[in-house]
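Here the structure is laid out as structure tokens; the discussion comes afterwards.
What follows draws every value from the coordinates through simple rules; no lab data is involved. On a predicted model such as this, the values are computed, not experimentally measured, just so you know. Because the Cβ atoms are built from the backbone with ideal geometry, glycine has one as well, and the counts that use them run over all protein chains shown.
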Amino acid sequence: MDGIKEVKKDMNIGEILSYDMTIAPILMASGMHCIGCPASAGETLAEAAAVHGLDADELVSKINEFIRGKAEYEAGVRPIDQESGTDE
């Protein structure tokens, strides 16, 4: 994840996904099914959220929570429960 610590709503979708493609499912689950089209890569997260009727701040929070959780897991701070396969 090349050093990205957080996403901001003025970042381009393409820029965000170039840092971490595992963010794509979050965008898609939010209704942004066109994240692979060339036009969306140049849109900011705020612009894309507005087009899809989403709250950009809520989306940013959700993505940043994911990034923090992933970083904690990779650092060994947030172990996965071996039986359930989920965070403890």
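Observations
- Charge tally in the Cβ shell below 9 Å around ALA49, where Lys, Arg are +1 and Asp, Glu are -1, ALA49 excluded: -3
- Prolate/oblate/rounded call for region 4-62, Cα gyration tensor, a/c under 1.5 rounded: rounded
- Local electrostatic count, ILE63, Cβ distance below 13 Å [Lys/Arg +1, Asp/Glu -1]: -1
- Ordering of 14-23, 35-44 by packing is 14-23, 35-44, highest average first (other Cβ atoms within 10 Å, averaged per residue).
- Cβ-defined net charge surrounding ILE23, 12 Å radius [Lys, Arg +1; Asp, Glu -1]: -2
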